[in-house]
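The values are calculated or read from the model by the stated rules, or taken from the named source; none is laboratory data. None of these values were measured; they are calculated from a predicted model. Note that each Cβ is placed from the backbone with ideal geometry, even for glycine, and that neighbours are counted across all protein chains shown.
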Amino acid sequence: MNNPKSPTQGAADVRRVAVVGGGISGVAAAHRLAESVDVTLFEAQRRLGGHTDSHSVWVEDKVYTIDTGFVAFHPSGHASFCQWLAQIGVPTQRTDMTFSVRADEEGLEYSTIGWRTFFSSSELLFSLKHWRLLWDWQRFHMEAPKAAEHQGLVNAGEYFRQNNYSERFVQRHMAPLCAALWAQSQASALDTPLQHLASIVQNQKIFQHPTQSLWQVVSGGASQYLEVFAEQFPGDIRCNSRVLRVLRTDSSVVLETEHESLEFDAVIMACHSDQALDALVEPTTAETNVLGAIKYMDNQVVLHGDATYMPRDPRNWSSWNARIDAQSGRSETTYWMNRVQGIRGPQFFITLNPQSTPKRIWTERKYRHPVLDADAYQAQQRRAQINGLDRTFYCGAYWGMGGHEDGFRSGVDAAEQLLAKLPSLSRSTGQGQGGYAADMGNADQSQGG
Ligand SMILES: Cc1cc2nc3c(=O)[nH]c(=O)nc-3n(C[C@H](O)[C@H](O)[C@H](O)COP(=O)(O)OP(=O)(O)OC[C@H]3O[C@@H](n4cnc5c(N)ncnc54)[C@H](O)[C@@H]3O)c2cc1C
């Protein structure tokens, strides 16, 4: 998209800033900067959004927009992001975060939709283990926020062991829930630090009637907010422009793409930490250590219409559905997008890392997630050692818990730190400015970023 120039653009005394990466963190940074400086937003893919990725599916002359990446947010857990959506005028609608678990070999199936679905059979109604799960859930809700203040870094699995939580609660509720939240295997999901889990689970109410849920989605698909942002943004958006090299000099930052080389006063790296490190020419030791410490893993996301991934009893169909294979111990998460996005029509399911191939596949994507383990936590604590040095600032969801709010807040923070520091930086000459801007295309790509 070649946006019209802002009133500031081209003026000799206005500073030029580059933002590398057009996911929520880069969009938030660019939006915050645009009032004060000339901003050029570089995005490697043909579309903005990164993990914000809506797909149009045509079925019998009707189009349905389905989110395969980021979808849901909560006014308290995503407070800054929600305020921003309201500020730029993006309509939202209610959803719920109901959750079901199905473990066929144990004859276990329940959902948190209500009492009837939680005790969906007489066996469950008379099962002490199942009542204990419920009791543990209530206990975790009451105790975890306080415990997180003192033991926030203890991993969730260890916390459950130390505090005598039941096997049913840990293996048949929390592990599949964490696996769904962080798109991980059950085993590694329990490595999540308690403070991350406690803060997210606070908004995860059990037996909450859908009309009382505060969770929201963007009406018409999450990518709607990108459209509104792009329309209002006065700077340059350059899609299809992967930044290959970032060279810092005493007087400027020079960015090289496949086609050109541009000079800026400062840069915000809003791509993943390892991608930022790859692009830096002569990174400092601290940059190498901090950015290189965070690992990433690929997740396959399949949008399909195969109901065998859902609970056997349709009354248990929830927004999030975990299916546990007793032999491998693996759990597979399937989002029922009709419920999540309020879609009437054919059934749309999204399964993360399916173990077999679903029938009726609409599209497949791959997204990379940061692995938020102890190494990542240590790296997060060292952000100040690299941020703002050599005219280079960093943002991304990897600085927090990997959620959209983390990305949004880190983008705004990086922009504000940059604006505070900019007057003390010498001016770049602006050589190489101008040239081209690529279109913000919507073409499908297999790699979601
Ligand atoms: C399937 C899925 C579901 C999710 N659901 C939710 C949810 O419901 N709620 C929630 O809060 N969070 C959710 N998340 C997490 C959250 O959406 C993401 O973590 C967040 O959007 C990441 O934003 P980001 O800007 O840090 O990174 P990204 O969105 O990955 O953006 C980084 C961008 O940088 C670009 N880039 C990389 N290298 C370069 C380069 N050299 N030059 C130019 N551009 C480059 C990439 O192409 C990409 O567009 C979900 C994530 C996934 C994958």
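So which of S356, S328, S319 ends up being among the hydroxyl-bearing types (S, T, Y) and buried (at least 23 other Cβ atoms within 10 Å of the Cβ)? Being among the hydroxyl-bearing types (S, T, Y) and buried (at least 23 other Cβ atoms within 10 Å of the Cβ) holds for just one of S356, S328, S319, which is S319.
Condition first: in the same structural domain as W317 (by TED's automatic domain parsing), more than 25 Å from G400 (Cβ to Cβ) and assigned to a strand (DSSP E or B). Can you find one or more residues in the range 117-126 that meet it? Scanning the range 117-126 turns up no residue that is in the same structural domain as W317 (by TED's automatic domain parsing), more than 25 Å from G400 (Cβ to Cβ) and assigned to a strand (DSSP E or B). Kindly establish whether A443 is in contact with a strand residue (DSSP E or B) (Cβ under 6 Å, 6 or more places away or on another chain) and either within 19 Å of R242 (Cα to Cα) or at pLDDT 95 or above (or both). Judged against the criteria, A443 is not a match.
In the range 370-426, the residue that is surrounded by the fewest Cβ atoms within 10 Å (Cβ to Cβ) out of those that are among the aromatic types (F, W, Y) and part of a helix (DSSP H, G or I) is Y377. Would you pick out the residues in the range 376-411 that are closer than 28 Å to H74 by Cα and among the charged types (D, E, K, R)? Within the range 376-411, R383, E405, D406, R409 qualify. The residues of the range 86-106 that are aliphatic (A, V, I, L, M) and either surrounded by fewer than 20 Cβ atoms within 10 Å (Cβ to Cβ) or farther than 23 Å from G342 by Cα (or both), listed by number, are A86, I88, V90, A103. Just one residue in the set H51, H31 is within 12 Å of the ligand (Cβ to nearest atom) and not hydrophobic (A, V, I, L, M, F, W, C); that residue is H51. Would you check which residues across the range 323-349 are modelled with pLDDT under 95 and within 22 Å of the chain's Cα centre (by Cα) and list them? Scanning the range 323-349 gives S331, E332, T333.
Scan the range 217-258 residue by residue and report those that are part of a loop (DSSP other than H, G, I, E, B) and more than 11 Å from the ligand (Cβ to nearest atom).
Hits for the range 217-258 are S219, G220, G221, S223, F233, P234, G235, T249, D250, S251, S252.
Taking the stated definitions as given, is T65 among the hydroxyl-bearing types (S, T, Y), touching a residue at least 60 places away in the same chain (Cβ under 8 Å) and closer than 17 Å to L177 by Cα? No. In the set S251, S219, only one residue is over 21 Å from Y394 (Cα atoms) and either free of Cβ contacts under 8 Å to residues at least 40 places away in the same chain or of a type in the set (S, T, N, Q) (or both); that residue is S219.
Could you list, in sequence order, all residues of the range 18-39 that are among the acidic types (D, E) and under 19 Å from L262 (Cβ atoms)? D38 - this is the single residue of the range 18-39 that is among the acidic types (D, E) and under 19 Å from L262 (Cβ atoms).
Taken as a whole, the structure leaves E105 outside the set of residues that are charged (D, E, K, R), farther than 24 Å from V301 by Cα, at pLDDT below 95 and part of a loop (DSSP other than H, G, I, E, B). If the condition is being touching a residue at least 40 places away in the same chain (Cβ under 8 Å) and either basic (K, R) or away from the ligand (no atom under 16 Å from the Cβ) (or both), then the range 374-408 contributes A374, D375, Y377, Q378, R382, R383, Q385, I386, L389, D390, R391.
Looking only at the range 259-312, residues that are within 11 Å of the ligand (Cβ to nearest atom), in a loop (DSSP other than H, G, I, E, B) and of a type in the set (G, A, S) come to 1 in all.
Pairing residues of the range 348-367 that are in the same structural domain as G329 (by TED's automatic domain parsing) and closer than 12 Å to A307 by Cα with residues that are among the hydroxyl-bearing types (S, T, Y) and part of a loop (DSSP other than H, G, I, E, B), at Cβ distances under 8 Å and at least 6 apart in sequence or on separate chains, gives I350/T68.
Is it the case, given these coordinates, that R427 is touching a residue at least 40 places away in the same chain (Cβ under 8 Å) and on the phi > 0 side of the Ramachandran plot? Here the answer is no, as R427 does not meet what is asked.
The residues on offer are S319, S252, S261, and the sole one that is of a type in the set (G, A, S) and in the same structural domain as P346 (by TED's automatic domain parsing) is S319. Quick check on R344: is it within 25 Å of G49 (Cα to Cα) and not in a helix (DSSP H, G or I)? Here the answer is no, as R344 does not meet what is asked.
Once the range 311-335 is narrowed to residues that are without any contact (Cβ under 8 Å) to a residue 60 or more places away in the chain and in contact with a strand residue (DSSP E or B) (Cβ under 6 Å, 6 or more places away or on another chain), the residue that is nearest to I113 (Cα to Cα) is T334. Residues that are over 19 Å from V228 (Cβ atoms) and more than 14 Å from the ligand (Cβ to nearest atom) within the range 34-47 comprise S36, V37, D38, listed in sequence order. For A179, the conditions (1) modelled with pLDDT of 90 or more; (2) surrounded by 16 or more Cβ atoms within 10 Å (Cβ to Cβ) are fulfilled apart from (1).
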